[in-house]
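Here the structure comes first, spelled out in structure tokens, and everything after it is commentary.
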Amino acid sequence: MWIYEKKLEHPVRVSCPDVKFAKMVITQYGGPDGELSASLRYLNQRYSMPTDNAKALLTDIGTEELAHMEMIAALVYKLTDGATCEDFKEAGWEGQFVQHDHGLFWTDANGVPWSAKYIACLGDPITDLVENMAAEQKARTTYEHLIACTDDPCVKDTLRFLWEREVVHFQRFGEALNEVQEWMCKSKHVWCGHEMRKEGK
Amino acid sequence: MNCEKQFMMLKRLQEMEFVAIELNLYLDTHPCDTDALNDYNCAVEAIRKLKKEYESEYGPLMNFGMGGYSKEPWQWAMGPWPWEL
């Protein structure tokens, strides 16, 4: 079960609305390396993890990513606050205005709608944890591109916080990978479909 | 709407919850680190206190019975919502 906490993980503020930047940062909402993709990827992979620590980590990071998705949503909400049709047209984001007005929609920076294709789950804990490490690096890189595209110090603060989380998650997934690898060696476990079985059984 | 006081109270809670999130993820991969475990438990204590203070002013932080008590009228449904603050 999940419970909603009526607060953001980290404050989200903007100096002034900026539709052009909203059009860019929406990719962290509904893009391939965005926060929705991250959250669903991790929460969905929990079921094929062999150790309790790995299950806990995927639960916790998957939950934190939901909070990051909410921060990106709040950022887009504030960046487009009070924007008119003209503002959207000037930013080259009139398609958003025509189809969604001030409503949010899951797309990347090019307007490509979110897809489950962004989620990987092979059911092999080594494969999936390595996938997650790559995903964290891709998100980190995207945040670096986004930070380079804005001068607003408030927006930079939000993006830097999210950038730092990608670095920490990468570190933790790396540790989980080591632990799972050790576990497989130590207790002579071999990969056997969706179950881990002791050798010789 | 002037929400500066609410924003600042929430910020203290966000800071302490950040400590807990970091320690939580760290403990997921270092479950036997007793220093980290003690720090985590200290953060739990601090969060409890900050949450109680915040909720007595602005109502429950969590729904479905997991947050604090509500005053009248039903405080959960009152703004500002997190993205508006």
* **Difference of contour (0.36 nm per residue) and Cα-Cα distance, residue A:164 to residue A:99** => 20.0 nm
* Asked: Rounded, prolate or oblate: which fits the stretch A:89-182, taking a ≥ b ≥ c as square roots of the Cα gyration tensor eigenvalues, rounded meaning a/c under 1.5, else prolate when a/b beats b/c?
  -> oblate
* Links that overshoot a 24 Å alpha carbon limit, given the list A:6/B:71; A:55/B:52; A:6/B:49 -> A:55/B:52
* Asked: Taking the simple approach of a point 7 Å from Cα along Cα-to-Cβ for both residue A:151 and residue B:7, what is their distance in nm?
  -> 2.2 nm
* Asked: What's the average, rounded to a whole number, of partner chain beta-carbon atoms within 10 Å of each residue's beta-carbon in B:13-26?
  -> 4
* Asked: Over all Cα pairs of the stretch B:20-62, how is the pair count split among 10 Å bins, expressed in % and running from 0 up to the last occupied bin?
  -> 28, 39, 25, 9
* Mean separation of Cα contacts under 8 Å (6+ apart) over length of chain A, as relative contact order % -> 28 percent
* Structure fact -> note: the stretch A:110-163, Cα-Cα separations exceeding 14 Å make up a percent value of 66 percent
* Debye intensity ratio in log₁₀ form over the Cα atoms of chain B, taken at each q of 0.26 Å⁻¹ -> -1.26
* Asked: Average partner chain C-beta neighbours within 10 Å, per residue of A:2-15?
  -> 6
* To do: Report the label-to-label distance for residue A:51 and residue A:1 in nanometres (one decimal), using points 7 Å from each Cα along the Cα→Cβ vector.
  => 3.0 nm
* Structure fact -> For A:39, A:115, ascending order of other Cβ atoms within 10 Å (fewest first) is A:115, A:39
* Rank these for me by crowding, A:140, A:160, going from fewest to most other beta carbons within 10 Å. => A:160, A:140
* When the gyration tensor of the protein assembly as shown is built from Cα positions, what are the square roots of 5 times its three eigenvalues, in whole Å, from largest to smallest? -> 34, 26, 16
* **Computed over chain B: relative contact order in percent, which uses C-alpha pairs under 8 Å that are six or more apart** => 24 percent
* Residue among B:25, B:65, B:46 farthest towards the positive dipole end of chain B, charges placed on Cβ -> B:65
* Roughly speaking, what is the centre-to-centre gap between the stretch A:3-38 and the stretch A:139-169 when only Cα atoms are used, to the nearest Å? -> 11 Å
* Averaged over A:146-153, how many beta carbons belonging to a partner chain fall within 10 Å of each residue's beta carbon? -> 0
* Rounded to the nearest 20 debye, dipole of the stretch B:3-78 from Cβ charges on Lys, Arg, Asp, Glu -> 380 debye
* Asked: Of A:95, A:148, A:48, which is farthest on the positive side of the dipole of chain A, counting Cα position, with +1 on Lys and Arg Cβ, -1 on Asp and Glu Cβ, and the Cα centre as origin?
  -> A:48
* Asked: Taking the Cα centre of the protein assembly as shown as origin and charging only Cβ (+1 Lys, Arg; -1 Asp, Glu), how large is the dipole, in debye to the nearest 20?
  -> 560 debye
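Where a number appears in this text, it was derived from the coordinates with a stated rule and is not lab data. Quick caveat: nothing in here was measured; it's all calculated off a predicted structure. Methodologically, a virtual Cβ is constructed for each residue, glycine included, from the backbone with ideal geometry; neighbour enumeration extends over all protein chains shown.
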